[in-house]
Amino acid sequence: MIGNIFKFIFGFFLAITILIGGGVATALYFMNRTSINPPKPIFSNDQSEIKARAAREAAKANLDQKSPSPSPTTASKPKPTPTPTPTPTPTEVAEKLPPGAYTARVTWPQGLSIRTQPQAEAERAGGVGFNEEVIVLSQSNDGAWQKIRLKGSGQEGWVKAGNTEKTE
């Protein structure tokens, strides 16, 4: 009789332990699955970045492939050392800007949408990220929009005024 009671109590605790362990394992599984970041969305203006990245990876793959070893009859030619290109001074950069233009940095934390016209309803032509440098070319007549040029790409467009800060 005492043996049967012991079996019952031991079986009861064993069943509870298995249920709790299974619940904890299931909870950990789902918590880990929800902590994985989703893939980065691809926007229409990101296509050029994707193509450039694919081209860089293809070029790197071509460089990684072993080139045929030179035959013993061919002599190796010394490679010329590249000369560093001089970096322009801030005054030289300022001289290249159009009259009235100045460099600025984006201060809006989410970045800015570049528009084709100085209107909120205008077509979106791209974007510029937070803290990126741009060249402010002009301002709209009402002062609500600024015409900017992206450094490097030369893309131009309109952004809401007050979201950039003039740099030195």
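Every read-out reported here was derived from the displayed coordinates using simple, explicitly stated rules and does not represent laboratory data. Fair warning: this is a prediction, and the values are worked out from it, not measured in the lab. Methodologically, a virtual Cβ is constructed for each residue, glycine included, from the backbone with ideal geometry; neighbour enumeration extends over all protein chains shown.
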Translational diffusion of the stretch 90-166, µm² s⁻¹ [Kirkwood Rh, Cα pairs; Stokes-Einstein; 20 °C; 1.002 mPa s]: 173 µm²/s
Karplus 3J(HN,Hα) series, Hz, for the stretch 107-116 with 6.51 cos²θ - 1.76 cosθ + 1.60 (x for Gly, Pro): 9, 6, x, 8, x, 10, 8, 8, 10, 6
Residue-wise HN-Hα coupling along the stretch 128-133, computed from phi with Karplus coefficients 6.51, -1.76, 1.60 (Hz; x: Gly, Pro): 9, x, 4, 6, 7, 8
Ranking of Val24, Val136, Val128 by count of other Cβ atoms within 10 Å, fewest first: Val24, Val136, Val128
Gain upon complete extension [Gln117, Lys151; 0.36 nm per residue less C-alpha separation]: 10.3 nm
Net charge contributed by nearby residues that have their C-beta within less than 14 Å of Glu165 (K/R +1, D/E -1): 0
Residues Trp145, Trp108 arranged by fewest to most Cβ contacts within 10 Å: Trp108, Trp145
